[in-house]
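Read-outs: derived from the displayed coordinates by stated rules, not from any lab. Predicted model only: the values in this text are computed from it and were never measured. Here the Cβ is made from the backbone with ideal geometry for all residues, glycine too, and neighbour counts use every protein chain on show.
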Amino acid sequence: MPFDGFTVHHIVEELKQNLLQSRIQKIHQPEKDELVFVFSANRKKQSVLFSASHNHPRIHFTEEQRKNPSTAPVFCMLLRKKLTNGLVTDIRQIGFDRIIEFDILSKDELFEKTKMKLIVEIMGRHSNIILVENEIITDSIKRINTFLSSYREVLPGKPYKLPPIDKNDLSSLSSDQMREIISSQPEKSVANSIFSSFQGFSKGMGQEVCMRCNIPDAAKIKDLTDRDFQCIHQEFHTLIQPKEKGGYLFYKKDDSFPVDFAPCLLTIYKDYHSEEKETLSQAIEQFYKNKDAGRSFQEMASALKQSIHTRLERDYNKLNNLREDLDKSQKALSFKEYGDLLLANLYSLDENSSEAQVHDFYNDRPITIPLDPTKSPSDNAKEYYEKYNKAKRAQSHIQEQLKRTKEEIYYFESVLDSIEKTDEIENLEEIKEELIKNDYLKKHRGSKKKQKKTAESKPIQLSTSSGFLLRVGKNN
């Protein structure tokens, strides 16, 4: 599920329960569009991830340790200067949209109290994290000029303006007001009308409300009854009620990766396996951790398969060429017979002749042998023997190359099979290291730092009921 208004609503409640009156102890920027704040209250430290990633923008508590750059980026240094030891006085959602504001009471260089706002806008590729003082932008993790947005600039010194909001806040509307708004689109499907009319609704949550109200997928606004309108309004308020426990993950049958997360059990996933987490943040973090791991796995598997397919294509072409060369070399072995026949018939051959017609005693038939008229018959025989010896040496080399090429093809096909069968990124790392070690892949030209030594792959050890030890290994 996208990080919609419902998720923001519940994550804000979770943040408020834990962070109000806490102080900002540390600020890190592990990625160009991600921040990690460490808050401290009552001797308890809690880390919060702020992400303006265009793929997975989000905000939640985090327990994952992220690697920070040796030199902090400029925006991170500014935040440290302005917000370190600042007191969180309020956290709120703007309307029912995906915008969160943190009110922070801090001190300036003269130790005067100053009120700052840290604004998190979770809006896909337009996501941003903005520091504001007295409604003036101090800076942001993404600077937006007029070339990128004609509606508003997000630059230091510019007044802060909310992103354009063209939807209504259903949390502040009565059932009749809601009905009036969506009734203006009588031919539109109910779920799409809810999604396009009200803040914070993803398409999935629009479908969820409809399913809870027993409204068919194909139903249009004009088909709704009074009871349906009342139910939509009521279910919306049910979904935003405060919850004691946090979040849920939803899995397809026999699948280890969650397909979605939500702050509550969803009817649209009634046929899925659900896993309850202690907090919504835990559910969100596990979902994106698995999603990132799955994406990394797919990217690595795809890159390895592409490299191996390229190698295989070369080897298949090489194999065909070698087979053609082998056929030619085998035909060239007849040059020895030509030499033997010429030497056996030297007495009857004419000088400066372009061909010799002799009896082939190997196959008991007449044969015509091409000759170089500038050379004597004995020199022609000598040249045929040289061609024969050259072809014989070439045949030995070709057969050796054929053997190596076939072995390499078998190896690459077995590696492809291993990639197809594995579902663990550690196995892909082992395969990659093996390909680099055998010079089939180039080593990445990155940092000159000493590479971490890869742990030696060891077989799995199993014990049978009768006490025997089984070792299960893998190779290509």
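Points worth noting:
- Scanning residues 5 or more positions from residue 114 or on other chains, those with amide H under 5 Å from its amide H are 106, 107, 108, with H placed 1.01 Å from N in the peptide plane.
- Annotation: the residues 268, 165, sorted from fewest to most other C-beta atoms within 10 Å of their own C-beta, follow the order 165, 268.
- Cβ-to-Cβ counts within 10 Å put 47, 193, 466 in ascending order as 466, 47, 193, the fewest first.
- Residue-by-residue Karplus 3J(HN,Hα) for the range 20-25, coefficients 6.51, -1.76, 1.60, Hz, glycine and proline x: 4, 6, 8, 10, 7, 9
- In the range 288-437, Cα pairs under 8 Å separated by at least six residues give a relative contact order of 31 percent.
- For the range 5-140: rounded, prolate or oblate by the Cα gyration tensor [a/c cutoff 1.5]: rounded
- With Cα atoms, 0 to 90° folded angle of helix 280-332 axis to the chain main axis: 10
- The chain: angle of helix 226-239 to the longest principal axis, Cα-based, in degrees nearest 10: 80
- 0 to 90° range, to nearest 10: angle between helix 74-83 axis and the chain longest Cα axis: 20
- Relative contact order (%) - criterion: Cα under 8 Å, at least six apart; region: the chain: 9
- Length gained on full extension, residue 225 to residue 143: 24.7 nm, using 0.36 nm per residue less the C-alpha separation.
- Residue 426/residue 347 FRET efficiency (R0 56 Å; Cβ-Cβ; nearest 0.05): 0.10
- Rounded if a/c under 1.5, otherwise prolate or oblate - the range 45-118, Cα gyration tensor axes: oblate
- Overall form of the range 185-237 per C-alpha gyration tensor (a/c, 1.5; a/b vs b/c): rounded
- Unpaired Cys in the chain, meaning no second Cys C-beta under 4.7 Å: 76, 210, 264.
- The range 346-395 versus the range 208-283: alpha-carbon centroid distance in Å: 90
- Here's how it looks for residue 198: its modeled amide H is under 5 Å from those of 168, which are all 5 or more places away or on a different chain.
- Derived scalar couplings ³J(HN,Hα) [the range 145-159; Karplus, 6.51 cos²θ - 1.76 cosθ + 1.60; whole Hz; x for Gly, Pro]: 9, 5, 6, 8, 8, 7, 7, 8, 9, 10, 9, x, x, 8, x
- Two-site FRET efficiency, residue 393 against residue 314, from Cβ-Cβ distance with R₀ of 22 Å, rounded to 0.05: 0.30
- Every helix of 4 or more DSSP H residues in the chain counts as -39500 (n - 2.57), and over all residues that averages to -13500 deg cm²/dmol at 222 nm.
- Two numbers describe the Cα atoms of the chain: Rg and Dmax, which are 37.3, 120 Å.
- Couplings for the range 6-16, taken from phi via the Karplus curve 6.51 cos²θ - 1.76 cosθ + 1.60 with θ = phi - 60°, read 5, 4, 4, 4, 6, 6, 5, 4, 5, 5, 5 Hz in order; Gly and Pro are left as x.
- Cα centroid separation, the range 402-439 to the range 127-156 (Å): 49
- Residues whose amide H falls under 5 Å from that of residue 139, counting only those 5 or more places apart or on a different chain, are 131, with hydrogens built in the peptide plane.
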